[in-house]
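Peer 1: Quick one: the structure is below, and I'll ask about it shortly.
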Amino acid sequence: MKKQQRQEDIIKILRSSREPVSGTALAEVFQVSRQSIVQDIALLKAAHYNIISTNKGYIIVAPPPREKVFKVYHNHEQISDELYTIIDAGGFVKDVFIIHDIYGKIEVDLFLATREDVDRFVIGLEEKKTSPLMKLTDKYHYHTVEATSDRILQLVEKSLQEKRYLITTT
């Protein structure tokens, strides 16, 4: 097995483990010396993987989420589809906000991660006969979207563009 492949596999093992993985255990898995694993870990750290050495082994800390603000526009009947579009692309809808001419920024946390979350939100709007914030700004509004990578944020952006919901990003 080549060194690069072994390092990729080390990352996979660390990401999938809920507990620290010892250098000895990794050395056994890859049939190399423990010193080879120590060198691999050093190279992975230099490549900006957030690997922490503990007295019980190595753990990898997930990168902080990336976020982007999307200015969008659609009608009331398209709320579910717009939010599904973000979720299906791998995004997490953190909030919705508007910029009102008089009141300024009005923001509400949403925390939508699944289609089920979206359904509950939309049903809540309907049951409580509540108007969404976009009604105050002629259907224009913003969502802060979190993702685990820039690639996912780009996919969210592309998906919103394809459906003609996207106005701009910040």
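Readers should treat all values here as calculations from the given coordinates under stated rules, not as data from a laboratory. As the structure is a computational prediction, the values presented were derived from the model and not from experiment. So basically every Cβ, Gly included, is an ideal-geometry build from the backbone, and we count neighbours across all protein chains shown.
Peer 1: With a cut-off of at most 13 other beta carbons within 10 Å, and DSSP calling the residue loop, which trypsin sites (Lys or Arg not before Pro) in region 1-36 qualify? Please list them.
Peer 2: Filter output for region 1-36: Lys2, Arg18.
Peer 1: Please report how many Lys pairs in region 1-116 have alpha carbons closer than 20 angstrom, counting only residues at least 8 apart along the chain or sitting on separate chains.
Peer 2: 12
Peer 1: In region 93-148, which trypsin sites (Lys or Arg not before Pro) fall in coil by DSSP and have 13 or fewer other Cβ atoms within 10 Å?
Peer 2: Lys128, Lys129
Peer 1: Checking the cross-link filter: which aspartates and glutamates have an alpha carbon closer than 18 Å to that of Lys163, excluding same-chain neighbours under 8 positions apart?
Peer 2: Result set, ordered by chain and number: Glu77, Asp81, Glu82, Asp88.
Peer 1: Using R₀ = 35 Å, calculate the FRET efficiency as 1/(1 + (r/R₀)^6) where r is the Cβ-Cβ separation of Ile167 and Val61; round to 0.05.
Peer 2: Step by step, r from the Cβ atoms, then E = 0.50.
Peer 1: Using alpha carbons only, what's the Rg to Rh ratio of region 3-60 with Rh from Kirkwood?
Peer 2: Rg/Rh for region 3-60 comes to 0.90.
Peer 1: Moving on. Using only Cα atoms, find the angle between the long axis of helix 150-162 and the longest principal axis of the chain, and express it within 0 to 90 degrees, rounded to the nearest 10.
Peer 2: Between the helix axis and the principal axis of the chain, the angle is about 30 degrees.
Peer 1: What's the angle, to the nearest 10 degrees (0 to 90), between helix 3-16's Cα axis and the longest principal axis of the chain?
Peer 2: Helix 3-16 sits at roughly 60 degrees to that axis.
Peer 1: Here is a follow-up. What does a probe at Asp9 reach in region 55-79, counting residues whose amide N is under 20 Å from the point 7 Å along Cα→Cβ?
Peer 2: In region 55-79, the label zone of Asp9 (backbone N under 20 Å from the point 7 Å along Cα→Cβ) covers 58-60.
Peer 1: If one takes the longest principal axis of the Cα atoms in the chain, at what angle in degrees, from 0 to 90 and to the nearest 10, does the Cα axis of helix 115-127 lie?
Peer 2: Roughly 20 degrees between the two axes.
Peer 1: What are the extents of the Cα atoms of the chain along their three principal axes, in Å, largest first?
Peer 2: Between the extreme Cα coordinates on each principal axis of the chain lie 65, 29, 28 Å.
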